[in-house]
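Structure, as structure tokens:
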Amino acid sequence: VVDCSAKAAEDPDYLLTVENVEEWEEKHGKIPPRSWLLMRTDWSLKRDPVAYLNLDEEGAHTPGPHQDLVPWLIDERDVVGFGCEAVGTDAGQAQHFTIPFPCHHLMHGRGRFGLPALTNLDKLPPQGAILITPPLKIRQGSGSPIRALALVET
């Protein structure tokens, strides 16, 4: 769990970068292969749907991964997937990236997973939680609602 809550509070368009994750790794250790990267922003604390979606004439303004982070997570860290508290795994303004919606195009396109709209990330440690995310069996489906659970050693 990479805590970006202070930065996301200052800037709703905050983008998590490779450099941010490398700084996190200096404190908490390298992300093990086949792990999840979860981006904590405290966005889930926005109970008002208008504030949660944060839309204007330019679209949504929600934090997410920088377009350079997504291929790095796949190729350099071999993550299972990316999770966040916003309505989608891509940043709200990701349609303007050189690679639009990199989580959807790259992460999901390479058989990795995305977990949007997560809650309680503030209750998880930076590393070591076991994430359980069973999907519904939907024939020929490309996604599914889940009930995300995290096991934490006490």
Exercise for the section: Within the stretch 66-91, track down each residue that is of a type in the set (S, T, N, Q) and farther than 23 Å from residue 124 by Cα. Expected result: 67
Practice task
Please enumerate the residues belonging to the stretch 94-152 that are free of Cβ contacts under 8 Å to residues at least 60 places away in the same chain and either of a type in the set (Val, Ile, Thr) or on the phi > 0 side of the Ramachandran plot (or both).
Solution key: 98, 99, 101, 111, 128, 130, 132, 133, 138, 140, 146, 152
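For (1) under 15 Å from residue 35 (Cβ atoms); (2) surrounded by fewer than 17 Cβ atoms within 10 Å (Cβ to Cβ); (3) touching a strand residue (DSSP E or B) at 6+ places or on another chain (Cβ under 7 Å), each residue gets a yes or a no:
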| site | (1), (2), (3) |
| --- | --- |
| 64 | no, no, yes |
| 71 | no, yes, no |
| 75 | yes, yes, no |
| 86 | no, no, yes |
| 91 | no, no, yes |
| 100 | no, yes, no |
Exercise for the section: Please give the helices (runs of 4 or more DSSP H) falling wholly within the stretch 1-81 in which 3 or more residues are over 20 Å from residue 93 (Cβ atoms). Expected result: 18-28
Problem - Selection within the stretch 65-83 - closer than 12 Å to residue 112 by Cα and acidic (Asp, Glu) - result: 75, 78
Exercise for the section: Of the numbered conditions (1) surrounded by 13 or more Cβ atoms within 10 Å (Cβ to Cβ); (2) under 19 Å from residue 126 (Cα atoms); (3) more than 15 Å from the chain's Cα centre (by Cα); (4) in contact (Cβ under 8 Å) with a residue 24 or more places away in the chain, residue 53 fails exactly one; give the number of that condition. Expected result: (2)
Practice task
Kindly indicate the residue of the stretch 22-50 that is within 24 Å of residue 105 (Cβ to Cβ) and of a type in the set (Ser, Thr, Tyr) and also surrounded by the fewest Cβ atoms within 10 Å (Cβ to Cβ) among those meeting that condition.
Solution key: 35
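We did not get these values from a lab; they are worked out from the coordinates using the rules stated. Given the structure is predicted, the values throughout are model-derived calculations rather than measurements. Every residue, glycine among them, receives a Cβ derived from its backbone with ideal geometry; neighbour counts consider all protein chains shown.
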